[in-house]
Structures are given as C-alpha cells and as structure tokens.
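Asks: Please find one structure pasted underneath; my questions will follow.
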Amino acid sequence: MLNELSDITLKKGAINPELYSRYEVKRGLRDLDGRGVLVGLTEIGEVHSYILDEGEMVPVPGRLIYRGFDISELAKGFMEDKRFGFEETVYLLLFGNLPDKNSLADFEKLLSYYQKLPEDFARDMILKAPSKNIMNGLARSVLGLYSFDDNPDDLSIKNVLRQCIQLIASFPSLAVYSYQAYSHYHGNQSLFLHSPQPELSLAENILYMLRPNREYTELEAKLLDLALVLHAEHGGGNNSSFVTHVVTSTGTDTYSVIAAALGALKGPKHGGANHKVIQMIEDIKDKVKDWDDDEEIANYLAQILNKDAFDHSGLIYGIGHAVYSISDPRAVILKRYAGKLAQEKGLEKEFKLYAKVEQIAPEAIARYTKIYKGVSANVDFYSGFVYQMLNLPLEMFTPIFALARIAGWSAHRIEEIVNGGKIIRPAYKSVVQRQTYVPLNERD
C-alpha cells in the first residue's frame, strides 16, 4: 500500500514547471542570473562576487567579509602571528569588532568555562540510543540542553548571548562524544571520552578529544582552526543562516533555533558536500589510471556529468557555487595551506590530483551543461581533503562545519531579535483547480 500511496503523492505533488515562470516565482529565492532575492539586511557578513557595470553583472574574484573585515586579511593576521583565530572570529561575529588582547583573553576564558557539559549529560543524552548520524545526535543534544537551562525561553539579549556562547563552547564535546558513541555502538570500536582541556583552543580540543592518543601537530591544529574560521559565516544568505532568522522570528527559544539550523546544514546540498567530494575523488583515483593525464581526467569528468559514472547524479561535487563564479575566497585560502599539510603528510600526489580536477572541471561543466555563469572550486572541494589529511572520520565532516557555523548562527539569531519583530512568512500561490466534494459512498 505504501508504494501505491507514494505513486499517488508523486503524481499529485508535481507542479507544472511553466507555472513558476508565469507567476514569476523566484525558485530557491534566486533570480535567473543567480542573484539572491533580497529578504533582509545584515551587518554580520557579506559575500562579494560581482560588480555592476552599466547595469550588467561583471564577475570578479570572490570576497568574504565578516563585520566589514575581509576574511583574507583576518586569516593572514592570525596565521602570520602563529596563533589561533577562531575564538577571535567568534568574538568579531558576536560583538562587531576585533577584541584587544585583554578582551580576547577574557573571552577565551569564558569559552573554556562553558565547555563543561551538565553532569551525566554525556551518559544520559549521548551514550544512550546513539544516533547513526552525528548531525542528528548533535541536534538531539542541543534540544536536550533546553531541559538543563534555568531560563530557556528568556529572549533578553543577555540571556540569549549566554546561551549562544555556551553552545559554541560545548559544540566540540557534543559532536565528538556523539561520534564516539556512534563508533562504539554502531562500529564496534573502543569507547573513550576525553574531557576538553581549558588551556587548549577549540580547534585543539577537537583533535585532543577525537584521537585515542590525544596527540596532534601544531600544523594540524592551525589548519583545522583556519577551516573553522572560513566556515564560521557566509554572508547571511546561506540556507541555515536564513533558517536561523526564520525560526527566530517566531519568538521560539535558542535551542530550537540551533537545532533547526543543524537540520538545514545536514543536507548534502548545503553542509554535506565535502563528504561527497571525498567519495568522488576516491572514485576518480580508482577509475583514472594516470593522475597526470589531463585528457583521461577530463573524459572521466565528462562521464560523471553525463550521469554515467560515480553516483549518477551528473554533479561534480565541490565545483560551482550559488554566488561565486571566478573564485571562492575560502577555497583559495584553504588550498594554500592544504598544500603545506599535504607535504607534511606525504600526500603531494593526491593534492596535485585535486588541483587538476579543480582546473579541468569548470571547462567540462561549461562544455556539457547549461550554466548562467562561470564556476570554480568552492570551499567544500578542499575542506574534505583537509579533514581527510587530519584523519577526521568521514562522519565528522559536516559536524565540523556545524562547530564553525554555530558562530554565525548565533550572531544572526541575536541580530534578528534586535531588529526583527515580525514573523517571516513568505507567500505561496495555490495553482490547484477547485474541486467538487463527492460523498464517500459515491467515489470511484
């Protein structure tokens, strides 16, 4: 019966594509030229990918801006200082300015203080009935923290800020412990739970808690920290941050909002793409005999685009972005440092293959598919490779994204509370014909 009902649902649920054009519906809240439909204002993040010249869009190298600061300059600043930058980035996103040394030190102490989970939380909420997907386990844990909050529904900025900082600080433990429970109960691996160390950065603590021996190199921790910074925010127009605004506008609690954002990020069209990049590259490594042969690589990418290879989706994962066309600044920065880690790990050959696919894929896509703008590697293309070099389990790739993006979600939640007031409620036009009611005993 379920099969029959599914067939009915598919038949009845299909809307004539021509109606979207007739009623000028912006599918995906995007214009045909790729520009997003303006639905709000923000001071948190900005994505810059084109300029207007006499009304015509002219693509330019992509830029990502946090609170007015170019992400390239931010990354250069803390990388050249040989220090961690994620905590500073969180401060910037939440409060709108870069902290001085004393303010940063105090904020880092606050994050360290809030890393500790409630007593027995790991045992009762994470280890019992562990989820088969870490993102779902993370969402369940977030919702569970509502019960441990004395003022969960207080929407004062002070209280919401406290909730957000607690969640940012505790996300590494929630995600890592969810993975350890999954690995033990569903993968028959040894169970171990390392407590976060207050003197370590959030990036260091992720590696410290995740690895059985708790060991990591400085370059590994610095590169993971950089990845967190690059994923922390993306201009407010991304799906999960929009979800944060939408759900916040209803007046609900912080835990419900962040759980909803996690659900949005879990989707492979949003946060799960780096997972698919790794699987795709592994498939290319297996099917392409000569990794230095551009023609052989191009031919196999053509097979992928024609749905004859890999997962038959017709997609080259990690190539292309809804906004960027010439370049994704996050991919540019991550690629530079990924090359250094590849040298340390002895994976120069694999890194070279990634670079070749990055170079060849846009040409193949332009040849075999209809696109309205150019395409380039996005951040997912190299982030998966970085996580693989860090020996992070595949199941943790999207959760790592969440550990970073919680900073942006928190900033957007607070911004919506301060500047909102109206519930976000878009319009949908009904295109179904009027029906005449037929009594039950007269229906065929």
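What follows is calculated from the coordinates using simple rules that are stated; it is not laboratory data. This one's a predicted model, so the numbers in the text were calculated from it and none came from an experiment. All Cβ positions, glycine included, derive from the backbone under ideal geometry; neighbour counts span all protein chains shown.
Asks: Using Cβ counts within 10 Å as a stand-in for footprinting exposure, how do GLU204, GLU4, GLU233 rank, fewest first?
Replies: Listing GLU204, GLU4, GLU233 from fewest to most nearby Cβ atoms yields GLU4, GLU204, GLU233.
Asks: Just to verify a number: FRET efficiency for VAL432 and LEU219, C-beta to C-beta distance, R0 = 60 Å, to 0.05?
Replies: Working from the Cβ atoms, E equals 0.55.
Asks: If the chain between GLU18 and LEU440 were fully stretched, how many nm would it gain, using 0.36 nm times the residue separation less the Cα-Cα distance?
Replies: That pair, GLU18 and LEU440, stretches by 148.5 nm at full extension.
Asks: Here is a follow-up. Sort SER156, SER240, SER249 by Cβ crowding within 10 Å, fewest neighbours at the top.
Replies: SER156, SER249, SER240
Asks: Summing -39500 (n - 2.57) over the DSSP H runs of n ≥ 4 in the chain and dividing by its residue number, what mean residue ellipticity at 222 nm do you reach, to the nearest 500 deg cm²/dmol?
Replies: That comes out to -17000 deg cm²/dmol.
Asks: Tell me, what is the FRET efficiency for ASN97 and MET1 to the nearest 0.05, using R0 = 60 angstrom and their Cβ-Cβ distance as r?
Replies: About 0.50, to the nearest 0.05.
Asks: How big is the C-alpha Rg of the stretch 148-252 next to the rule-of-thumb value 2.2 N^0.38 Å, as a ratio?
Replies: 1.30
Asks: Output the peptides 176-183, 359-366 sorted from most to least packed, where packing is the average of other Cβ atoms within 10 Å over each peptide's residues.
Replies: The most tightly packed comes first, giving 176-183, 359-366.
Asks: Compute the distance in nm between two label points, each set 7 Å from the Cα along the Cα-to-Cβ direction, one at ILE424 and one at LEU38.
Replies: About 1.7 nm, to one decimal.
Asks: Here is a follow-up. Name the trypsin sites (Lys or Arg not before Pro) in the stretch 96-157 that are in a loop by DSSP and that have at most 11 other C-beta atoms within 10 Å, would you?
Replies: Passing both the DSSP loop test and the Cβ count: LYS128, LYS132.
Asks: Sticking with this one: For the stretch 365-444 and the stretch 150-215, what is the separation of their C-alpha centers, rounded to whole Å?
Replies: After rounding, the separation between the Cα centres reads 24 Å.
Asks: Turning to a different aspect of this structure: Apply the Debye scattering formula to the chain, with a single equal point scatterer on each alpha-carbon and no solvent, then give log10 I(q)/I(0) at q = 0.06 Å⁻¹.
Replies: -0.28
Asks: Excluding LEU155 itself, calculate the net charge of residues whose Cβ lies under 11 Å from the Cβ of LEU155, where each Lys or Arg counts +1 and each Asp or Glu counts -1.
Replies: Once positives and negatives cancel, what remains is -2.
Asks: Could you give the length gained by full extension between ARG27 and GLU295, i.e. 0.36 nm per residue of separation minus their alpha carbon distance, to one decimal place?
Replies: In short, 92.8 nm is gained.
Asks: Calculate, for LYS116 and GLU344, the FRET efficiency according to 1/(1 + (r/R0)^6) with r their C-beta to C-beta distance and R0 35 Å; round to the nearest 0.05.
Replies: With a Förster radius of 35 Å, E is 0.60.
Asks: Once the principal axes of the Cα atoms of the stretch 254-402 are found, what is the range along each, listed largest first in whole angstroms?
Replies: 51, 39, 27
Asks: So how far apart, in nm, are the two label points at SER190 and ALA366 if each is 7 Å from Cα heading toward Cβ?
Replies: 5.3 nm
Asks: Tell me the label-point distance for the pair LYS269, GLN359, using the 7 Å Cα-to-Cβ offset, in nm and rounded to one decimal.
Replies: 3.3 nm
Asks: Using the number of other C-beta atoms within 10 angstrom as an exposure proxy, rank LEU200, LEU29 with the fewest first.
Replies: By the 10 Å Cβ count, ascending: LEU29, LEU200.
Asks: In addition: List the lysines whose Cα lies under 23 Å from the Cα of LYS128, skipping any in the same chain that are fewer than 8 positions away.
Replies: Straight-line reach from LYS128, under 23 Å: LYS116, LYS266.
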